[in-house]
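Encoded as C-alpha cells, the structure appears first; notes follow it.
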Amino acid sequence: RGTVAVGGEEVGMHETCQLARRGGDGLSLACVGGRDADVLVLAGEPLGAPVVASGTMVMNSQAEVDRAVIDYRRGEFGLPWEHTLSDEEWARRCDERQAERGRG
C-alpha cells in the first residue's frame with residue numbers, strides 16, 4: 001500500500017524498482033502523499049544462477065518450477081498467512097503443521 005520516493009522517483013503499490021550499487025551504508029525512502037507505505041527491500045550479491053519463472057513461481061530450472069506448482073496444488077506450499085496472528089501464534093501454527101506432517 002502507498003507510494004514511496006526512492007532516489008527521486010516515485011514507486012507505487014505493486015511496482016518494483018532496482019537501485020544501482022553506488023556504495024554507502026544506507027537507503028533513503030520517503031512516503032509520498034502523507035500516507036503510510038509498505039515496502040519490501042531485498043539486497044545481496046548477484047548469484048549468477050539460472051532463473052526460470054512461470055506465473056508466481058521462480059526457480060532455477062523448469063523441473064523445479066513444475067515441482068513447485070505440484071506442491072502448491074497439493075497444499076504443500078505452506079500455510080495461508082492470517083495477518084491477525086501475532087508472531088508467536090504464527091510460529092506455533094507453523095510448528096503444529098510440521099508436527100502433523102511428521103516433519104517436526
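The values are calculated or read from the model by the stated rules, or taken from the named source; none is laboratory data. As the structure is a computational prediction, the values presented were derived from the model and not from experiment. Every residue, glycine as well, gets a Cβ built from its backbone with ideal geometry; the counts of neighbours run over all protein chains shown. Just so you know, the surface numbers come from the protein's heavy atoms only, side chains and all, with ligands and any DNA or RNA stripped out. Shrake-Rupley method; radii C 1.70, N 1.55, O 1.52, S 1.80 Å.
Structure notes:
- Inter-residue pairs, beta-carbon under 6 Å, first in contact (Cβ under 8 Å) with a residue 40 or more places away in the chain and in the range 37-48, second surrounded by 10 or more Cβ atoms within 10 Å (Cβ to Cβ), 6+ apart: none
- Of the residues in the range 46-65, not one is open to solvent by 100 Å² or more (accessible area, probe 1.4 Å) and of a type in the set (D, E).
- When residues of the range 67-80 are limited to those that are touching a strand residue (DSSP E or B) at 6+ places or on another chain (Cβ under 9 Å) and open to solvent by 80 Å² or more (accessible area, probe 1.4 Å), the one farthest from R97 (Cα to Cα): R67
- Cβ-Cβ under 8 Å pairs, at least 6 apart or on other chains, the range 1-26 side farther than 14 Å from L40 by Cα, far side open to solvent by 100 Å² or more (accessible area, probe 1.4 Å) and assigned to a loop (DSSP other than H, G, I, E, B): none
- Taken over the range 16-38, residues that are modelled with pLDDT of 90 or more and closer than 30 Å to D66 by Cα amount to 0.
Per-residue answers, yes or no, for (1) acidic (D, E); (2) under 27 Å from H14 (Cα atoms):
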residue	(1), (2)
V51	no, yes
V58	no, yes
V65	no, yes
D71	yes, yes
P80	no, yes
S86	no, yes
W90	no, yes
C94	no, no
G102	no, no
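- Within the range 81-97, tally of residues that are under 27 Å from S54 (Cα atoms) and open to solvent by 70 Å² or more (accessible area, probe 1.4 Å): 3
- Strands (runs of 3 or more DSSP E) contained entirely in the range 21-67, each with at least 1 residues that are farther than 21 Å from A5 by Cβ: 52-54, 57-59
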